[in-house]
1. Where does region 75-230 land on Rg(C-alpha)/(2.2 N^0.38 Å)?
2. Which value at 222 nm does the chain reach when only helices count, each DSSP H run of 4 or more adding -39,500 (n - 2.57), with the total divided by all residues and rounded to the nearest 500 deg cm²/dmol?
3. Amide H to amide H under 5 Å from LEU382: which residues, 5+ apart in sequence or cross-chain, H placed 1.01 Å off N in plane?
4. Taking the 0 to 90 degree range and rounding to the nearest ten, how far is the long axis of helix 62-128 tilted relative to the main principal axis of the chain, both from C-alpha atoms?
5. With a probe of 1.4 Å, find how much accessible area region 136-175 has per residue, and write the answer as a whole number in Å².
6. What is the ratio of the Cα radius of gyration of region 222-304 to 2.2 N^0.38 Å, with N the residue count, to two decimals?
7. Just to confirm, what accessible area per residue do you get for region 177-331 at 1.4 Å probe, in whole Å²?
8. Helix 344-379: angle to the longest alpha-carbon principal axis of the chain, degrees 0 to 90, nearest 10?
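The values are calculated or read from the model by the stated rules, or taken from the named source; none is laboratory data. This is a predicted model, so every value here is computed, not measured. Positions of Cβ are generated from backbone atoms using ideal geometry, with glycine treated the same way; all protein chains shown enter the neighbour counts. The area values use the complete protein model at the heavy-atom level, side chains included, leaving out ligands, DNA and RNA. Shrake-Rupley method; radii C 1.70, N 1.55, O 1.52, S 1.80 Å.
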Amino acid sequence: KRAEQDVALARCNRASTGALMLPSVNASNSFSETTYGNTSSEASERYSGGLSLSQSLFNFGTKINTLKQSDNTYNTAKQQRRQAKARIILDVHTFYYQYLKNSELFDIAGKDLELSKKQLDLVQNQYNLGAVSKTDFLKASVRYGTAKSSFLSRELTKKNSEKSLRFSMGLLNSDIPIIIEQKMDLILTVPTFDEAYSLMLSNSPDLSILDNQISGAQINVKKAWSSSLPSINMSIGMNASSADQITRTYFDDNYIKSANITVSIPIFSGFRNRNSIQISKLQLDQAETRLSGGKNSAKVSLYALINTLNNYQEIIPIQEEVLLSAEEDLKLAQQRYELGSASILVLLDAQLALIQASSSLVRTKYDAAIQVANLDDLLGTLDKKYE
């Protein structure tokens, strides 16, 4: 909303600046009365009316540059609106995937708690029958306590991430429900660095704003120079005055025409003009430095994001294979433990390995989805996907 208001203000300011190119027309009508204290002289009355027009004829581009500056400010405001929209979309993406990640981790913790509870009940029955040692019972108890603690922690994290998601959507104080897909199919498509860099230079609102700052600084340099050069202004008018109230007929018969052309030549301004030129040049240098630094910073961020996504492309298939192996290993460990050929420690290790493999895959998958959104934001394509 603030960004939309800024665009509306910049549009109004641009229209007001454009009006400076047009002549100024004024109509006047006045009445004056003069009295002379306590003397016997009668008071005198005077009526006057007129029409005048004034126009700047030449000022070395000052008004044109002012118009260009307002247009540049308007374009910057539009880029800042894009920037704000992209930031909001990125926040929603981030909190949305974090909520899905925490939901799946919560589900994994719930299954782990259920499994560890069944395991504890089984070991407790075997311990009561004297089939297993107390050590096995204590290890199963510790495993159940750890699983319950993890379940409660992930439940809290899930609730907090839902609040963060509602806040990013502007729904924190609203009762509007959010319908969320609980599963996500992630397909990673990573561009080459050169493709991504070219796309970023042409689409990034951050870099466009820095470009506009250079354009604005260049215009300010021109305005500073023109302020020290001569200017020419013109004014014309028609007016009449009378002791009686002016009528249309009287005005037509008694009006006075006037025309003025003024040449203003700055001679000395206490070095203000020279300082203004120096300041505007320094501001231009600053704007160019900011653009150079912004491009380098974006280039480094782009390099890191592409490398991170390429790394995820390699890691995810490996973690999927690890998860399948952990599931199979747990089945075998369960069977061996029930047959008495494996200790409780082997079974608990297999359970822990499955939980770790499941959790790692979930984290990697959703972290990769968040990084994809970060890449789109850096390239300046995130907001365009929702136009």
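1. 1.89
2. After summing the helix terms and dividing by residue count, I get -24500 deg cm²/dmol.
3. Amide H neighbours of LEU382, under 5 Å, 5+ apart: ASP377.
4. Roughly 20 degrees between the two axes.
5. It amounts to 64 Å² per residue over region 136-175.
6. Region 222-304 yields a ratio of 2.29.
7. For region 177-331, the per-residue accessible area is 66 Å².
8. The angle comes out near 20 degrees.
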